[in-house]
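The values are calculated or read from the model by the stated rules, or taken from the named source; none is laboratory data. The model shown is predicted, which means the values in this text are computed figures rather than measured ones. Virtual Cβ from ideal backbone geometry, glycine too; neighbours counted across all protein chains shown. The area values use the complete protein model at the heavy-atom level, side chains included, leaving out ligands, DNA and RNA. Shrake-Rupley method; radii C 1.70, N 1.55, O 1.52, S 1.80 Å.
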Amino acid sequence: MGKIIFYEDNNFSGHHFECCNDCEDLLSRLSRCNSIKVESGCFMIYEKPNYSGNQYYLKRGEYPDFHHWMGVNESVSSCRYIPTPGMFNMRLYERIEFGGQVMDLVDDCPSVMDRFHVNDIFSCNVKNGNWLFYEHPNYRGKMYLIRPGEYKRFSEWGGRSARVGSIKRIMDY
């Protein structure tokens, strides 16, 4: 199990809330979040409640203010615990609802264009492992947590477009 602690003020001060699992609405427990400690495991934090808005991946460590998790502001409203990985296996599709070219992935992909010769991933089926989709190559830009399951269209993983520049396995535990 993981453990994450959210603090209302910078530098781990003020009222705090400890969490070991998913939490869809942190604002019911804290008025704001300005610093975070991840004591064990990894978590995805979300700007808005119900796992929506900008997403930020946090591994074990201390984040004394929102700049340390690369946030655009101190808005953190929900989080998901990312369980320890086993194997990794994902199938990517060029079109919605698993249509078009099929691309299998079992390792990190720093450039979707270089490997598969496509810019957009419209749907995917994750058999094993937790992954991060990045908007740009070389693991840059907005990121999205992709957990085991079927995603018939990019909006189901929170994407605003089908643009996926790179893909990384979550292995930091």
* To do: From 152, 142, grab the single residue that is open to solvent by less than 80 Å² (accessible area, probe 1.4 Å), within 24 Å of residue 78 (Cα to Cα) and among the charged types (D, E, K, R).
  => 142
* Could you tell me which numbered condition residue 142 fails, if it satisfies all but one of (1) touching a strand residue (DSSP E or B) at 6+ places or on another chain (Cβ under 8 Å); (2) farther than 16 Å from residue 46 by Cα? => (2)
* Asked: In segment 125-139, is there at least one residue being open to solvent by less than 70 Å² (accessible area, probe 1.4 Å), touching a helix residue (DSSP H, G or I) at 6+ places or on another chain (Cβ under 9 Å), within 18 Å of residue 21 (Cα to Cα) and touching a residue at least 40 places away in the same chain (Cβ under 8 Å)?
  -> no
* Asked: Can you find even one residue in segment 29-36 that is closer than 23 Å to residue 147 by Cβ and surrounded by 15 or more Cβ atoms within 10 Å (Cβ to Cβ)?
  -> yes
* **Residue that is most open to solvent (accessible area, probe 1.4 Å) [pool: residues in segment 82-121 that are outside any strand (DSSP E or B) and without any contact (Cβ under 8 Å) to a residue 24 or more places away in the chain]** => 117
* Structure fact -> Scanning segment 59-81 residue by residue, those farther than 17 Å from residue 24 by Cβ and open to solvent by less than 20 Å² (accessible area, probe 1.4 Å) turn out to be 69, 71
* Asked: Of the numbered conditions (1) surrounded by fewer than 17 Cβ atoms within 10 Å (Cβ to Cβ); (2) modelled with pLDDT of 95 or more, residue 173 satisfies every one except a single condition; which is it?
  -> (2)
* Unmet requirement for residue 21, which otherwise passes all of (1) at pLDDT 90 or above; (2) on the phi < 0 side of the Ramachandran plot; (3) surrounded by 15 or more Cβ atoms within 10 Å (Cβ to Cβ) -> (3)
